[in-house]
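Nothing in this text is a laboratory measurement; each read-out follows from the coordinates by a stated rule. Nothing here was measured: the structure is a model prediction, and the numbers come from that model. All Cβ positions, even for glycine, are placed from backbone atoms using ideal geometry, and neighbour counts span all protein chains on display.
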Amino acid sequence: MRVRGYPPAALCWVDLFCPDLTLASAFYGSLLGWTNAGDPADGRLDFRLGDLVAAGATAAGGGPASWVVFVSTDDLDATVAAVTAAGGRVVTPPAQVGTRGRAAICADPQGAVFGLWQRATFAGSQVQRVAGAPSWSELWTRDTVSAAAFYKEVFGWSERTGELAASVDYGEFYTGGRTVGGLIAITDEMPAELPPRWGVTFEVDDCEAVAARCRDLGGFVAVPPVFVDVGTAAFLVDPLGALFGVFQPIPELLDAPPN
């Protein structure tokens, strides 16, 4: 589905911060069918599905790669101020990104990192809900109540029990009648080293095949494909250490209107 713009407080963009753009381009190109625009020597790439930009990558060292989710805003400076007032922190202060817009990287009070994006010529991901495109993002956190209060104060999001996968203990952020993303509690049964984080999920046509291809390309499968009422999901790790999800929706969801 072609996306031409995003309202304020929407999840609008995903960007891979990584130390090797050439390796990232080769891996995701083979895994998700992306081509890239840009030169790794310039420090950033756009990943495309056909003629549309699906995601991006930015050169960054100092640790394993990670996917960062960006939230749209009409006033970056005011939103950064709201983050700090609500107990969050600024990781990277507001900066101009060429003619595209302005960005900042922040973290919520529990340490989950997210980006802020104020558009100029570029609104964000231009395609969603097709194979190879971003399909969903969710917050994993140890305190869902405090997290919900933070994001409500900063973005005006409300929180409710997930409506689709009834067998899964799952929350959703929503605002203005539309769903924004997911909310999952990190429980004692999960690895103690799992940090609070925003996760990125990409839609695929065949979850089992994509998981197998990830291994062949030098990544690994953190959580094998599992059916979750609305489709089949898996969590994968690329060769640079970035965790991400893939999701194959049930046929009924493919024809459903966006919410």
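Things worth noting here:
- With both labels modelled 7 Å from their Cα along Cα-to-Cβ, the T58 to K152 distance reads 3.0 nm.
- 10 Å Cβ shell holding at most 15 others, DSSP loop, GluC sites (Glu not before Pro): longest site-free stretch of the chain: 1-162
- Once the Cα-Cα distance is subtracted from the 0.36 nm per residue extended length, the L217 to A85 segment shows a gain of 43.2 nm.
- Reducing segment 36-75 and segment 169-212 to their Cα centroids gives an inter-centroid distance of 20 Å.
- Cα-based shape type of segment 1-70, given that a ≥ b ≥ c are square roots of the gyration tensor eigenvalues and the cut on a/c is 1.5: oblate
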